Structures are given as C-alpha cells and as structure tokens.
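Only one structure is covered here, and it is reproduced in the block below.
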Ligand code: KGJ
C-alpha cells in the first residue's frame, strides 16, 4: 500500500516536474507508515510531530507547501480505495472519518510549521529599527507575490505582483491556495482577499500567457485559477473580497466566488472572454448566475466593458461601496464581526449555500453538446487571434472562424 502511494506521489511529481529530492521522498514514506499506524491505533496525534519535522526539512529545501500537503492527499486516496474494498457500512464510515482526521492533523501541522518558519525568516530579515509588518498595510509582499497575515481572528491575503498586475497563473494560484491553507491552520475565522496597497489593478485575471494555445479546454477542471476558485468556495469561513482598483476576466469570477465583496469608488469590474474568443466554462457561468440577473450577465459578457463601482453596487455585484479611505477599516470591521460568530454554523451554512447554488442538473447529452460547441470555439482561429493580439498589444480581428 505504501509502495502504491509512493508510486502515485512520484507520478504526480513527474507531471508537475517538481523537485522533490530523494531524501524527502524517504521521509514521506516513513510518514505514510506512521499514518497507517495511526489508523490502526485509532488516533491522530502521533502524526503531528513527524509532520512538523518533514515540514521543517521541506521548507528549508524550498518545496511548496501545497506540494508537501499534497502527499497526504495522495496517501488518503490510496488508503480510501483499500478501506472501501475491505470494510462496509458503519465500519467504513468510521475508518474514513478517522483517516480524514489523521491526514487533516498532518496537513495542519505542516501548514503551522511553514507559517511559523516564514514568520521567523521575515522577522530576521527586518532591520532592527524598522517595525515588523503590521499585517494589513505593509505594501509590497516580501518573499513573493502573496502574503498572508493574521489580525486577531481575521486572516488577510494580499496579492502583490505589481509587474504583472496580479495576473493569476499557476504560481500565484498555488501561493494563494497555500495562504488559505495556512490561515485555516491558524484558525482564521474570516479572510480578507485584497491587492497590495497602492495598486490600481486588483487583478488582471487569468495569466493570458499561461492559457493553452488551442486544442485544449482553456478553463478545464485542473486550471490553476479554477483550483483557486474552488479553494475559496470551499474554504470553511467567510472570504471577503476587498476591492480597490480594476478587476478583469477570471478575477471577477474569483471576486464572485468570495462570500462577500466590498469596494471603493476606484473599483471596476469586467468579464472579458469575448476579447480573447475564449468560450467561458459552465461552472464559471454558474458563479455569475448565482449573483446577477441574466440580462446583466449578458451585457457584461457580450460587451466585455468594465462597469464602475456605482453600477456594481446597483446590480448587487458588491455588498458595500465605501469611500477609499474607509475601505480597509470597513472591511476589517465586517470580517471581525463575522469572526466573532459561530464558526461551525457559518462553515456549514456556507457549504449548504455552495452545494445548493452549484446544483444544476443537466442531461449528459446536453453537457456533451455544450462541450462540443465550446471545443469549436477554442479550436478556432479566432481564439488564437485573441491570444496573439494580447501578446502583440493590439486589437484582435475576429472573423468567426
Ligand atoms: N495576463 C498576462 N499578463 C498580463 C495580464 C494578464 N491577464 N495583464 C497584464 N499583463 C502584463 C502585461 O502584458 C504587461 O507585461 C504587464 O502585465 C503590465 O501590463 O509588457 P509586460 O510588462 O511584459 P500593462 O498592460 O502594461 O499595464 P497597465 O497599462 O497598467 O494596464 C493594466 C490592465 C489590467 C488594464 C491591462 O494589463 C490589461 O488590459 N490586461 C488584460 C486584462 C484582461 O483582459 N484580463 C482577462 C484575462 N482573461 C481571463 O481572465 C479569462 C478567464 N477570460 O475568460 O477571458
């Protein structure tokens, strides 16, 4: 079983071309053995200490948090299959519950260790006469484009890739997912998602340079932005988008996937696949449908024109429109209020609303027909023209072929 899990892990590593060194791989195998012992003993606690040790080594080796945590997911999948083969009914449910608790405890221990080590590194880099980053308003994000802070019980994730206007590619998405994981481990009861202070673009949307150049679904299930959107929607506490500046394309999908949105008057929102010739995906359209009337959705998609903050408020795309100098205090207060309420009640209500709003029965034939139509669009010359025009900083010329 351990061999099977290790092989699955190695296969995944190859797919991602990751650099998981051999020494770490041995440690992960040891960890798998400990997880098995925990399952047999019916206890999660013994997994914590070895997880912390492995996290310390992996952090020093520069391995991504999500990658280390991913090894638990691989192991859990293998174990689930094995358990389902030998157990049934109540016994199976109990075993699965235990396995979830053990892998969850391991993941949390890893995230806690990463966060503690990152904080230690940040503190040691800080000049002695300079105060440590205050959390909410430190400006740039040292050590990368994404910074996670905690103020009281509120987590703050700051996107700070100024050069690329916070365009979301694989690296940015995995950093935000890791930030969410670390905030979950630190038991943040609400999260604010924001751009770094002073940026006038909240996010330029999907990194267009990372979109596939035809013959492949540009917004498939494993697209990094799609993964990020799912992580926000399934995060077990409220996520509030705090919007200063312009929001483009898939970044608007991300804002709509946050539980609430607060914006100031500099905010504007545009959904722009029609500028690229990109057939948006069904899941994404569902996110718009959950928040906006169909005629508004059509106007936004068909014109690709930004709507200003006042209109966004009128159309209930955002919950609150506040003056720019009150944006941060207002959003933090709102998040702090939610953070004082019952986390269990909020988590389950959020999950119920997600399941209800995602529920859209669709016949297999209809789904296949829609996918076929989408394929015609992303296999078209127009889609390539859209990508090329963006790269060449010119207007696209669409011919409908
Ligand atoms: N992807 C990749 N690179 C980007 C993106 C992006 N989405 N947006 C900006 N960049 C890069 C530019 O190519 C520049 O690179 C740099 O960021 C600064 O942009 O030339 P380089 O320095 O190498 P720029 O345009 O010079 O900055 P501003 O003049 O401040 O304009 C900011 C804008 C956000 C208005 C502008 O960059 C822009 O229009 N970006 C594209 C916005 C967009 O249409 N995003 C939607 C992408 N599509 C989707 O998300 C999806 C899912 N969709 O279905 O369409």
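Observations, loosely collected:
- Whichever residue in segment 313-359 is touching a helix residue (DSSP H, G or I) at 6+ places or on another chain (Cβ under 6 Å) and in contact (Cβ under 8 Å) with a residue 40 or more places away in the chain and, among such residues, is nearest to residue 283 (Cα to Cα): 354
- Selection status of residue 120, part of a helix (DSSP H, G or I), over 30 Å from residue 36 (Cβ atoms) and modelled with pLDDT of 60 or more: yes
- Any hit, segment 162-171, residues being touching a strand residue (DSSP E or B) at 6+ places or on another chain (Cβ under 7 Å), at pLDDT below 95 and in the same structural domain as residue 277 (by TED's automatic domain parsing): no
- Residues satisfying the stated conditions in segment 293-308, i.e. under 30 Å from residue 333 (Cβ atoms) and away from the ligand (no atom under 16 Å from the Cβ): 293, 296
- Listed by position, the helices (runs of 4 or more DSSP H) enclosed by segment 218-284 that each have at least 2 residues that are within 9 Å of the ligand (Cβ to nearest atom) are 250-257, 273-276.
- Residue check for residue 256: closer than 28 Å to residue 368 by Cβ, in contact (Cβ under 8 Å) with a residue 24 or more places away in the chain, touching a strand residue (DSSP E or B) at 6+ places or on another chain (Cβ under 9 Å) and crowded, with 21+ Cβ neighbours inside 10 Å: yes
- Figure legend. Inter-residue proximity from segment 195-213: first residues near the ligand (Cβ under 6 Å from one of its atoms), second residues in a loop (DSSP other than H, G, I, E, B), beta-carbon distance below 6 Å, spacing 6+ or different chains. Indicated pairs: 201/165; 201/245; 204/165; 204/167; 205/249; 206/249; 207/167; 207/169.
- Filter result (surrounded by fewer than 23 Cβ atoms within 10 Å (Cβ to Cβ), under 15 Å from the mean Cα position of the chain (by Cα) and more than 12 Å from the ligand (Cβ to nearest atom)) within segment 158-170: 170
The values are calculated or read from the model by the stated rules, or taken from the named source; none is laboratory data. For clarity, every value in this text was computed on a predicted model and none was experimentally measured. Cβ coordinates were reconstructed from backbone atoms using ideal geometry, including for glycine residues, and neighbour counts include every protein chain displayed.
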